[in-house]
1. When Lys and Arg each count +1 and Asp and Glu each count -1, what net charge do the other residues less than 15 Å away from residue 99, Cβ to Cβ, add up to?
2. Sum up the charges of everything whose Cβ sits under 15 Å from the Cβ of residue 123, counting Lys and Arg as +1 and Asp and Glu as -1, but leave residue 123 out.
3. Out of the total accessible area of the chain (probe 1.4 Å, heavy atoms of protein only), what percent is carbon and sulfur?
4. For residue 109 and residue 81, what is the calculated FRET efficiency with R₀ set at 22 Å and r taken between the beta-carbons, to the nearest 0.05?
5. With a 1.4 Å probe and every protein chain left in place, work out the accessible area per residue of segment 1-116 in Å², rounded to a whole number.
6. How much net charge surrounds residue 39 when only the other residues with a Cβ under 10 Å from the Cβ of residue 39 are counted, with Lys and Arg +1 and Asp and Glu -1?
7. Give, rounded to the nearest 20 debye, the magnitude of the charge dipole that segment 3-85 has about its Cα centre when Lys and Arg contribute +1 at Cβ and Asp and Glu contribute -1 at Cβ.
8. Run down the aspartates and glutamates and flag those whose C-alpha is under 19 Å from the C-alpha of residue 86, throwing out any fewer than 8 positions away in its chain.
Amino acid sequence: VQLQASGGGLVQARGPLRLSCATSRGPHSSAAMGWFRQAPGKEREFVAAISWPGAKSYVADSVKGRFTISRDNAKNTLYLQMNSLKPEDTALYYCARRSYTTASTLAAEYDFWGQGTQVTVSS
């Protein structure tokens, strides 16, 4: 299983950015997926998660109302739409996939991880 995150970059505060995560088919292809992020010197933290096939989603309180997670199962692609970005959203963003259909907010419950894409928000 391979996950390829993309779409990161440098953006001004209050601007939008959309991340994508392309996934290869493989075992447990009907799987819940999530986004996590890690800023320098900080622990990896939960951002958003979505179940298979997509009926339920969850976002962290810190991004609620600004970030939206979605998936296109026909394209095997996960998305994170980020609006009203803040400098504190600056981090390396990872996509991850579970071996179950139910979403989770816990990083330890994800089995496959992408390489990360950097998001930098300037003030």
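The values are calculated or read from the model by the stated rules, or taken from the named source; none is laboratory data. This structure is a prediction, so every number in the text was calculated from the model and none was measured. Cβ atoms come from the backbone with ideal geometry, glycine included; neighbour counts cover every protein chain shown. Side chains included, ligands, DNA and RNA excluded: accessible areas come from the protein's heavy atoms. Shrake-Rupley method; radii C 1.70, N 1.55, O 1.52, S 1.80 Å.
1. On the way: positive: 25, 97, 98; negative: 109, 111.
Charge balance in the 15 Å sphere: +1.
2. Numbers: positive: 14, 86; negative: 88, 89.
Local net charge: 0.
3. Numbers: 3110 of 6390 Å².
Percent of accessible area from carbon and sulfur atoms in the chain: 49.
4. Working: r = 24 Å, r/R0 = 1.07.
The formula returns an efficiency of 0.40 here.
5. On the way: 6050 Å² over 116 residues.
Computed with neighbouring chains in place, this is 52 Å² per residue.
6. Working: positive: 37, 42, 44; negative: 43, 45, 88, 89.
With Lys, Arg at +1 and Asp, Glu at -1, the neighbours total -1.
7. On the way: 11 positive and 4 negative charges, 23 e Å.
With only Lys, Arg, Asp and Glu charged at Cβ, the dipole is about 120 debye.
8. Within the straight-line limit of under 19 Å, residue 86 reaches these aspartates and glutamates: 43, 45, 61.
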